[in-house]
1. What accessible area, in Å² to the nearest ten, does a 1.4 Å probe give for W368?
2. Under 14 Å from the Cβ of Q365, count the other residues' Cβ atoms, weight Lys and Arg +1, Asp and Glu -1, and hand me the total.
3. Between T414 and Q447, what length comes free when the chain is fully extended (0.36 nm per residue of separation minus the Cα-Cα distance, one decimal in nm)?
4. Taking a quarter of the surface of the convex hull around the Cα atoms of region 279-343, what do you get in nm²?
5. Which net charge results for the neighbourhood of T243, defined as the other residues with beta-carbon distances under 9 angstrom from its beta-carbon, given Lys and Arg at +1 and Asp and Glu at -1?
Amino acid sequence: MCINFNNLYFRRALSLAFFFLLFLFFPNREEYAQTFVTNNGIIMEKLPDEDVQEVERLNEEAELEDQLERERQDELNAVNVEDVEEADAIDELFGDESEGDVDAPVVTPTTEIVKVDAKNKPVEFSGDLNAELGGYVWLYPWESTKPLATFSNVLKFIGRPRTDFYVYGSFLTQFPEMDFGVYELYFDYTLFGTADISAGKRDISWSLSRMLNTNLIEEKCSVISSEDAANKPKRKTSDSKFTLAATIPILSYASVKGLAQYESNAIEDEMPNYVSILGKLEGYIGKFSVSVLGKRWAKSDALGFDPCVGMEVISTLLGKNSNMFVQGLMHISTSSCRISRTKWTAGVYKYFENPVMLGLSFEYQGVWGSKEISNSGSIGQFKGVQHLFASEIGWSRFIWSKKWTFGCKWFHDTGNDYGTVFPVIVVEEVLPHLDFKTTAPIYYGSQKKYGFVFELVLNLKY
(Lines give C-alpha, C1' and ligand atoms only; values in the text may rest on other atoms or scores of the structure.)
Protein backbone atom coordinates (compact mmCIF):
# COMPACT_ATOMS: atom_id res chain seq x y z
CA MET A 1 0.00 0.00 0.00
CA CYS A 2 1.49 3.30 -1.07
CA ILE A 3 0.99 6.32 1.27
CA ASN A 4 0.44 9.64 -0.54
CA PHE A 5 1.78 12.44 1.74
CA ASN A 6 0.13 15.05 -0.49
CA ASN A 7 -3.31 13.75 0.48
CA LEU A 8 -5.31 16.53 2.25
CA TYR A 9 -6.96 14.25 4.79
CA PHE A 10 -3.67 12.61 5.72
CA ARG A 11 -2.06 16.03 6.37
CA ARG A 12 -5.00 17.01 8.60
CA ALA A 13 -4.60 13.79 10.63
CA LEU A 14 -0.90 14.48 11.16
CA SER A 15 -1.69 18.04 12.35
CA LEU A 16 -4.21 16.80 14.91
CA ALA A 17 -1.77 14.15 16.14
CA PHE A 18 0.95 16.79 16.55
CA PHE A 19 -1.26 19.02 18.74
CA PHE A 20 -2.38 15.96 20.74
CA LEU A 21 1.28 15.13 21.50
CA LEU A 22 1.89 18.73 22.60
CA PHE A 23 -0.91 18.57 25.17
CA LEU A 24 0.16 15.05 26.25
CA PHE A 25 3.83 15.82 26.94
CA PHE A 26 3.44 19.46 28.07
CA PRO A 27 0.27 19.41 30.21
CA ASN A 28 1.30 22.39 32.41
CA ARG A 29 2.06 24.67 29.51
CA GLU A 30 -0.80 26.86 28.31
CA GLU A 31 -0.92 27.38 24.55
CA TYR A 32 -3.11 30.06 22.98
CA ALA A 33 -4.27 29.67 19.40
CA GLN A 34 -6.55 31.41 16.98
CA THR A 35 -8.75 29.55 14.50
CA PHE A 36 -9.98 30.39 11.01
CA VAL A 37 -12.77 28.73 9.05
CA THR A 38 -11.89 28.45 5.36
CA ASN A 39 -12.98 26.40 2.35
CA ASN A 40 -10.26 23.91 3.23
CA GLY A 41 -11.59 23.38 6.76
CA ILE A 42 -10.57 24.73 10.18
CA ILE A 43 -7.03 26.07 10.38
CA MET A 44 -5.40 26.56 13.84
CA GLU A 45 -2.41 28.86 14.26
CA LYS A 46 -0.46 29.63 17.41
CA LEU A 47 -0.71 33.26 18.58
CA PRO A 48 2.42 35.45 18.57
CA ASP A 49 4.27 35.73 21.88
CA GLU A 50 3.20 39.35 22.47
CA ASP A 51 -0.47 38.40 22.02
CA VAL A 52 -0.10 35.52 24.46
CA GLN A 53 1.35 37.89 27.07
CA GLU A 54 -1.58 40.27 26.61
CA VAL A 55 -4.10 37.42 27.07
CA GLU A 56 -2.33 36.26 30.24
CA ARG A 57 -2.28 39.83 31.61
CA LEU A 58 -6.01 40.28 31.00
CA ASN A 59 -6.78 36.95 32.67
CA GLU A 60 -4.71 37.88 35.73
CA GLU A 61 -6.44 41.28 36.02
CA ALA A 62 -9.86 39.64 35.81
CA GLU A 63 -8.98 37.10 38.50
CA LEU A 64 -7.56 39.83 40.77
CA GLU A 65 -10.69 41.97 40.38
CA ASP A 66 -12.92 39.01 41.23
CA GLN A 67 -10.82 38.23 44.32
CA LEU A 68 -10.94 41.86 45.54
CA GLU A 69 -14.72 41.95 45.06
CA ARG A 70 -15.13 38.74 47.09
CA GLU A 71 -12.93 40.15 49.88
CA ARG A 72 -14.94 43.41 49.95
CA GLN A 73 -18.19 41.44 50.17
CA ASP A 74 -16.84 39.21 52.97
CA GLU A 75 -15.57 42.24 54.90
CA LEU A 76 -18.91 44.03 54.53
CA ASN A 77 -20.84 41.01 55.79
CA ALA A 78 -18.51 40.56 58.77
CA VAL A 79 -18.68 44.26 59.73
CA ASN A 80 -22.44 44.40 59.47
CA VAL A 81 -22.80 41.41 61.84
CA GLU A 82 -20.47 43.00 64.41
CA ASP A 83 -22.26 46.33 64.16
CA VAL A 84 -25.63 44.77 65.00
CA GLU A 85 -24.26 42.72 67.88
CA GLU A 86 -22.38 45.57 69.52
CA ALA A 87 -25.25 48.03 69.16
CA ASP A 88 -27.66 45.77 71.06
CA ALA A 89 -26.34 46.36 74.57
CA ILE A 90 -24.84 49.83 74.91
CA ASP A 91 -25.17 51.96 71.78
CA GLU A 92 -28.94 51.55 71.56
CA LEU A 93 -29.30 51.85 75.32
CA PHE A 94 -27.94 55.38 75.57
CA GLY A 95 -28.85 56.37 72.00
CA ASP A 96 -25.37 57.73 71.29
CA GLU A 97 -25.20 59.35 67.88
CA SER A 98 -22.32 58.73 65.58
CA GLU A 99 -19.39 61.13 65.66
CA GLY A 100 -19.13 60.85 61.92
CA ASP A 101 -17.04 58.43 59.92
CA VAL A 102 -15.07 56.54 62.53
CA ASP A 103 -11.68 55.75 61.06
CA ALA A 104 -9.80 53.55 63.53
CA PRO A 105 -7.89 50.26 63.19
CA VAL A 106 -9.23 46.98 64.61
CA VAL A 107 -12.44 48.76 65.63
CA THR A 108 -15.39 48.94 63.23
CA PRO A 109 -14.21 50.89 60.16
CA THR A 110 -15.75 53.94 58.54
CA THR A 111 -19.10 54.48 56.81
CA GLU A 112 -20.00 51.06 55.46
CA ILE A 113 -22.87 52.30 53.32
CA VAL A 114 -20.37 53.12 50.59
CA LYS A 115 -19.66 49.44 49.91
CA VAL A 116 -22.33 48.61 47.36
CA ASP A 117 -22.40 46.67 44.12
CA ALA A 118 -21.69 49.24 41.43
CA LYS A 119 -22.96 46.93 38.70
CA ASN A 120 -26.46 46.59 40.17
CA LYS A 121 -26.84 49.71 42.35
CA PRO A 122 -24.98 52.68 40.82
CA VAL A 123 -27.00 55.11 43.02
CA GLU A 124 -28.57 54.32 46.38
CA PHE A 125 -30.59 56.44 48.81
CA SER A 126 -31.13 55.79 52.51
CA GLY A 127 -32.10 57.71 55.60
CA ASP A 128 -32.06 57.86 59.37
CA LEU A 129 -34.94 59.53 61.24
CA ASN A 130 -34.99 60.12 64.99
CA ALA A 131 -37.74 61.93 66.91
CA GLU A 132 -38.27 62.26 70.67
CA LEU A 133 -41.30 63.40 72.63
CA GLY A 134 -41.41 63.62 76.42
CA GLY A 135 -40.29 65.84 79.23
CA TYR A 136 -37.78 66.63 81.97
CA VAL A 137 -39.17 66.52 85.50
CA TRP A 138 -36.41 67.88 87.75
CA LEU A 139 -36.91 67.37 91.47
CA TYR A 140 -34.01 69.77 92.04
CA PRO A 141 -34.03 72.47 90.84
CA TRP A 142 -37.76 72.38 90.06
CA GLU A 143 -37.67 75.44 87.81
CA SER A 144 -35.65 73.47 85.22
CA THR A 145 -38.65 71.23 84.39
CA LYS A 146 -39.49 71.51 80.70
CA PRO A 147 -41.02 69.53 77.78
CA LEU A 148 -38.87 67.56 75.37
CA ALA A 149 -39.48 67.54 71.62
CA THR A 150 -36.77 66.88 69.05
CA PHE A 151 -36.62 65.86 65.41
CA SER A 152 -33.60 64.83 63.35
CA ASN A 153 -33.45 63.34 59.87
CA VAL A 154 -30.41 62.57 57.76
CA LEU A 155 -31.07 61.75 54.10
CA LYS A 156 -28.08 59.98 52.54
CA PHE A 157 -27.12 59.04 49.02
CA ILE A 158 -24.22 57.13 47.52
CA GLY A 159 -23.30 57.21 43.85
CA ARG A 160 -20.74 54.75 42.55
CA PRO A 161 -20.21 54.85 38.79
CA ARG A 162 -17.16 52.59 39.22
CA THR A 163 -16.06 50.07 41.84
CA ASP A 164 -13.08 52.30 42.70
CA PHE A 165 -14.91 55.63 42.90
CA TYR A 166 -17.93 56.88 44.80
CA VAL A 167 -19.61 60.13 45.85
CA TYR A 168 -21.31 60.29 49.25
CA GLY A 169 -23.66 62.97 50.49
CA SER A 170 -26.10 63.56 53.34
CA PHE A 171 -28.59 66.31 54.18
CA LEU A 172 -29.55 67.16 57.75
CA THR A 173 -32.87 68.50 59.04
CA GLN A 174 -33.09 69.17 62.77
CA PHE A 175 -35.45 70.70 65.36
CA PRO A 176 -35.47 72.64 67.70
CA GLU A 177 -32.02 73.78 66.58
CA MET A 178 -33.59 74.63 63.18
CA ASP A 179 -30.49 73.31 61.45
CA PHE A 180 -30.95 72.44 57.78
CA GLY A 181 -28.35 71.90 55.10
CA VAL A 182 -25.58 69.74 53.69
CA TYR A 183 -24.08 67.57 56.42
CA GLU A 184 -21.55 65.71 54.25
CA LEU A 185 -20.61 65.76 50.59
CA TYR A 186 -17.34 64.21 49.44
CA PHE A 187 -15.81 61.75 46.98
CA ASP A 188 -13.55 58.77 47.54
CA TYR A 189 -11.21 57.38 44.89
CA THR A 190 -9.33 54.09 45.26
CA LEU A 191 -6.01 53.93 43.41
CA PHE A 192 -4.53 50.59 42.35
CA GLY A 193 -7.12 48.79 44.47
CA THR A 194 -5.53 49.84 47.79
CA ALA A 195 -4.75 53.56 48.23
CA ASP A 196 -7.68 55.87 49.04
CA ILE A 197 -8.01 59.59 48.36
CA SER A 198 -11.06 61.60 49.44
CA ALA A 199 -11.98 65.27 49.47
CA GLY A 200 -15.04 67.28 50.41
CA LYS A 201 -17.22 68.30 53.35
CA ARG A 202 -16.87 65.46 55.83
CA ASP A 203 -17.32 64.63 59.51
CA ILE A 204 -14.53 62.16 60.26
CA SER A 205 -13.26 60.77 63.54
CA TRP A 206 -10.13 58.96 64.73
CA SER A 207 -11.80 58.09 68.01
CA LEU A 208 -10.93 54.98 70.02
CA SER A 209 -13.22 55.43 73.03
CA ARG A 210 -16.95 55.14 73.56
CA MET A 211 -17.29 57.83 76.26
CA LEU A 212 -14.18 60.00 76.72
CA ASN A 213 -12.61 62.16 74.06
CA THR A 214 -9.76 60.50 72.14
CA ASN A 215 -10.49 61.99 68.72
CA LEU A 216 -7.38 63.92 67.75
CA ILE A 217 -9.16 65.36 64.71
CA GLU A 218 -11.60 67.18 66.99
CA GLU A 219 -9.56 67.53 70.17
CA LYS A 220 -11.56 69.13 72.96
CA CYS A 221 -10.63 70.56 76.32
CA SER A 222 -13.75 69.04 77.88
CA VAL A 223 -15.47 65.68 77.76
CA ILE A 224 -18.98 66.53 78.94
CA SER A 225 -21.39 69.45 78.63
CA SER A 226 -22.43 71.42 81.69
CA GLU A 227 -25.93 71.60 80.21
CA ASP A 228 -28.39 68.69 80.39
CA ALA A 229 -26.13 65.75 79.68
CA ALA A 230 -29.18 63.48 79.79
CA ASN A 231 -30.14 65.18 76.55
CA LYS A 232 -27.28 64.01 74.34
CA PRO A 233 -25.65 66.58 72.04
CA LYS A 234 -27.03 66.64 68.53
CA ARG A 235 -25.04 66.61 65.34
CA LYS A 236 -24.83 69.88 63.42
CA THR A 237 -24.07 70.75 59.81
CA SER A 238 -21.11 72.75 61.11
CA ASP A 239 -19.56 69.56 62.53
CA SER A 240 -18.28 68.58 59.11
CA LYS A 241 -15.40 70.50 57.57
CA PHE A 242 -13.79 70.52 54.16
CA THR A 243 -11.30 67.67 54.42
CA LEU A 244 -8.61 66.22 52.17
CA ALA A 245 -7.60 62.72 53.29
CA ALA A 246 -5.38 59.96 51.94
CA THR A 247 -4.59 56.40 53.04
CA ILE A 248 -1.59 54.62 51.53
CA PRO A 249 -0.90 50.97 52.44
CA ILE A 250 2.64 49.74 53.08
CA LEU A 251 2.98 46.07 52.13
CA SER A 252 0.12 44.17 53.83
CA TYR A 253 0.55 45.06 57.49
CA ALA A 254 0.89 48.85 57.69
CA SER A 255 -0.53 52.06 56.28
CA VAL A 256 0.05 55.81 56.29
CA LYS A 257 -2.86 58.22 56.74
CA GLY A 258 -2.74 61.94 56.09
CA LEU A 259 -5.43 64.55 56.59
CA ALA A 260 -5.77 68.29 56.05
CA GLN A 261 -8.87 70.05 57.35
CA TYR A 262 -10.17 73.55 56.79
CA GLU A 263 -11.41 74.69 60.20
CA SER A 264 -13.91 77.28 59.03
CA ASN A 265 -17.26 77.17 57.25
CA ALA A 266 -16.58 80.43 55.45
CA ILE A 267 -13.98 81.68 52.98
CA GLU A 268 -11.42 83.64 54.98
CA ASP A 269 -8.81 86.10 53.76
CA GLU A 270 -5.88 84.10 55.15
CA MET A 271 -6.94 80.53 54.41
CA PRO A 272 -3.64 78.81 55.47
CA ASN A 273 -4.24 80.02 59.05
CA TYR A 274 -7.43 77.93 59.16
CA VAL A 275 -5.91 74.60 58.06
CA SER A 276 -4.98 71.83 60.51
CA ILE A 277 -2.78 68.91 59.45
CA LEU A 278 -2.74 65.36 60.86
CA GLY A 279 -0.75 62.23 60.13
CA LYS A 280 -0.80 58.63 61.32
CA LEU A 281 1.41 55.58 60.74
CA GLU A 282 -0.23 52.35 61.85
CA GLY A 283 0.89 48.75 61.71
CA TYR A 284 -0.75 45.42 62.50
CA ILE A 285 0.84 42.58 64.44
CA GLY A 286 -1.50 39.69 65.15
CA LYS A 287 -4.35 40.99 67.31
CA PHE A 288 -2.56 44.28 67.95
CA SER A 289 -2.60 47.57 66.08
CA VAL A 290 0.11 50.13 66.89
CA SER A 291 -0.07 53.72 65.64
CA VAL A 292 2.13 56.79 65.81
CA LEU A 293 0.25 60.02 65.12
CA GLY A 294 0.53 63.77 65.29
CA LYS A 295 -1.30 67.01 64.63
CA ARG A 296 -0.56 70.64 63.96
CA TRP A 297 -3.52 72.85 64.89
CA ALA A 298 -4.65 75.73 62.73
CA LYS A 299 -3.18 79.06 63.80
CA SER A 300 -6.71 80.46 64.21
CA ASP A 301 -7.78 77.70 66.64
CA ALA A 302 -9.41 79.21 69.73
CA LEU A 303 -7.90 76.70 72.17
CA GLY A 304 -4.35 77.55 71.12
CA PHE A 305 -3.02 74.00 71.49
CA ASP A 306 0.66 73.37 70.68
CA PRO A 307 1.59 70.68 68.10
CA CYS A 308 0.95 67.17 69.39
CA VAL A 309 2.56 63.75 68.96
CA GLY A 310 1.32 60.49 70.37
CA MET A 311 0.94 56.72 70.21
CA GLU A 312 -2.01 54.31 70.27
CA VAL A 313 -2.21 50.56 70.86
CA ILE A 314 -5.43 48.62 70.20
CA SER A 315 -6.08 44.93 70.78
CA THR A 316 -8.87 42.36 70.49
CA LEU A 317 -7.27 39.83 72.86
CA LEU A 318 -10.54 39.46 74.76
CA GLY A 319 -12.09 37.81 71.73
CA LYS A 320 -15.18 38.54 69.69
CA ASN A 321 -17.01 41.84 70.32
CA SER A 322 -14.21 43.24 72.45
CA ASN A 323 -11.79 46.12 72.33
CA MET A 324 -8.90 47.29 74.52
CA PHE A 325 -6.87 50.42 73.86
CA VAL A 326 -4.33 52.84 75.30
CA GLN A 327 -3.48 56.28 73.94
CA GLY A 328 -0.86 58.81 74.94
CA LEU A 329 -0.65 62.38 73.59
CA MET A 330 1.93 65.07 74.28
CA HIS A 331 1.81 68.75 73.27
CA ILE A 332 5.16 70.47 72.76
CA SER A 333 5.57 74.25 72.61
CA THR A 334 7.37 75.37 69.46
CA SER A 335 8.67 78.51 71.15
CA SER A 336 10.11 77.02 74.36
CA CYS A 337 10.42 73.33 73.32
CA ARG A 338 8.67 72.37 76.57
CA ILE A 339 5.74 70.06 77.17
CA SER A 340 2.62 72.19 77.64
CA ARG A 341 -0.03 69.46 77.92
CA THR A 342 -0.29 65.68 78.12
CA LYS A 343 -3.23 63.31 77.97
CA TRP A 344 -3.31 59.56 78.50
CA THR A 345 -6.33 57.31 78.07
CA ALA A 346 -7.08 53.60 78.53
CA GLY A 347 -10.27 51.67 77.99
CA VAL A 348 -11.81 48.23 77.64
CA TYR A 349 -15.12 47.10 76.11
CA LYS A 350 -16.70 43.64 76.01
CA TYR A 351 -20.08 42.41 74.83
CA PHE A 352 -21.38 38.97 75.83
CA GLU A 353 -24.03 37.24 73.74
CA ASN A 354 -24.49 34.13 75.91
CA PRO A 355 -25.84 33.22 78.37
CA VAL A 356 -27.19 36.81 78.59
CA MET A 357 -26.93 39.90 76.40
CA LEU A 358 -24.53 42.02 78.46
CA GLY A 359 -22.25 44.91 77.53
CA LEU A 360 -19.53 46.39 79.75
CA SER A 361 -17.25 49.36 79.18
CA PHE A 362 -14.76 51.20 81.39
CA GLU A 363 -12.41 54.10 80.52
CA TYR A 364 -9.90 56.25 82.35
CA GLN A 365 -8.23 59.47 81.20
CA GLY A 366 -5.60 61.64 82.82
CA VAL A 367 -4.90 65.20 81.71
CA TRP A 368 -2.14 67.58 82.73
CA GLY A 369 -2.07 71.14 81.47
CA SER A 370 0.04 74.19 82.20
CA LYS A 371 -2.97 76.50 81.95
CA GLU A 372 -6.71 76.41 82.50
CA ILE A 373 -8.81 76.15 79.34
CA SER A 374 -12.59 76.34 79.07
CA ASN A 375 -15.26 76.78 76.44
CA SER A 376 -18.62 78.48 76.73
CA GLY A 377 -21.19 76.10 78.21
CA SER A 378 -18.77 73.30 79.05
CA ILE A 379 -16.64 71.92 81.87
CA GLY A 380 -13.11 72.82 80.85
CA GLN A 381 -9.60 71.61 81.46
CA PHE A 382 -8.37 72.03 85.02
CA LYS A 383 -4.94 73.61 85.48
CA GLY A 384 -2.62 70.90 86.74
CA VAL A 385 -3.65 67.23 86.83
CA GLN A 386 -7.20 65.94 86.58
CA HIS A 387 -8.48 62.38 86.36
CA LEU A 388 -11.59 61.36 84.42
CA PHE A 389 -13.49 58.10 84.87
CA ALA A 390 -16.37 56.74 82.80
CA SER A 391 -18.19 53.42 82.64
CA GLU A 392 -21.26 51.85 81.06
CA ILE A 393 -23.19 48.66 81.62
CA GLY A 394 -26.14 47.37 79.64
CA TRP A 395 -28.18 44.19 80.12
CA SER A 396 -31.00 43.06 77.83
CA ARG A 397 -33.70 40.42 78.09
CA PHE A 398 -37.18 39.75 76.68
CA ILE A 399 -40.17 40.40 78.96
CA TRP A 400 -43.75 40.00 77.69
CA SER A 401 -42.37 39.53 74.16
CA LYS A 402 -40.68 42.95 74.32
CA LYS A 403 -36.96 43.61 74.57
CA TRP A 404 -36.09 45.41 77.81
CA THR A 405 -32.65 46.91 78.37
CA PHE A 406 -31.43 48.04 81.79
CA GLY A 407 -28.27 50.03 82.16
CA CYS A 408 -26.30 52.69 83.90
CA LYS A 409 -23.75 55.26 82.75
CA TRP A 410 -21.30 56.96 85.14
CA PHE A 411 -18.82 59.82 84.71
CA HIS A 412 -16.56 61.57 87.23
CA ASP A 413 -14.10 64.48 86.83
CA THR A 414 -11.73 64.95 89.78
CA GLY A 415 -10.38 68.27 88.57
CA ASN A 416 -13.75 70.02 88.43
CA ASP A 417 -15.31 68.02 91.30
CA TYR A 418 -18.15 67.01 89.00
CA GLY A 419 -19.95 63.76 88.26
CA THR A 420 -23.06 62.20 86.74
CA VAL A 421 -24.98 58.94 87.12
CA PHE A 422 -27.59 57.94 84.51
CA PRO A 423 -29.72 54.83 85.22
CA VAL A 424 -31.70 53.95 82.07
CA ILE A 425 -34.55 51.63 81.10
CA VAL A 426 -35.52 51.13 77.46
CA VAL A 427 -38.48 49.10 76.17
CA GLU A 428 -38.16 48.51 72.43
CA GLU A 429 -41.01 48.41 69.93
CA VAL A 430 -43.88 49.36 72.25
CA LEU A 431 -45.36 50.38 68.90
CA PRO A 432 -43.76 49.76 65.49
CA HIS A 433 -40.43 51.67 65.39
CA LEU A 434 -41.35 53.38 68.70
CA ASP A 435 -39.35 52.83 71.92
CA PHE A 436 -40.07 53.96 75.46
CA LYS A 437 -37.12 55.33 77.43
CA THR A 438 -36.84 56.63 80.96
CA THR A 439 -33.77 58.05 82.67
CA ALA A 440 -33.10 59.23 86.21
CA PRO A 441 -30.09 61.58 85.80
CA ILE A 442 -28.16 62.56 88.90
CA TYR A 443 -25.58 65.36 88.81
CA TYR A 444 -23.40 65.61 91.90
CA GLY A 445 -20.47 67.68 93.07
CA SER A 446 -20.10 71.23 91.82
CA GLN A 447 -23.38 71.06 89.85
CA LYS A 448 -26.16 69.34 91.81
CA LYS A 449 -29.23 68.32 89.86
CA TYR A 450 -31.50 65.28 89.79
CA GLY A 451 -34.84 64.24 88.38
CA PHE A 452 -36.53 62.07 85.74
CA VAL A 453 -36.72 62.08 81.95
CA PHE A 454 -39.55 60.30 80.11
CA GLU A 455 -39.58 60.02 76.35
CA LEU A 456 -41.00 58.16 73.38
CA VAL A 457 -38.29 57.65 70.79
CA LEU A 458 -39.03 57.05 67.11
CA ASN A 459 -36.12 55.43 65.26
CA LEU A 460 -36.60 54.70 61.59
CA LYS A 461 -33.95 53.66 59.08
CA TYR A 462 -35.13 53.62 55.50
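1. 80
2. 0
3. Once the chain is fully extended between T414 and Q447, it gains 10.6 nm.
4. Mean shadow area of the hull around the Cα atoms is 5.6 nm².
5. Residues close to T243 contribute a combined charge of +2.
The values are calculated or read from the model by the stated rules, or taken from the named source; none is laboratory data. This structure is a prediction, so every number in the text was calculated from the model and none was measured. Cβ: placed from backbone, ideal geometry, glycine included. Neighbour counts: every protein chain shown. SASA here: full protein model, heavy atoms, side chains in, ligands and nucleic acids out. Shrake-Rupley method; radii C 1.70, N 1.55, O 1.52, S 1.80 Å.
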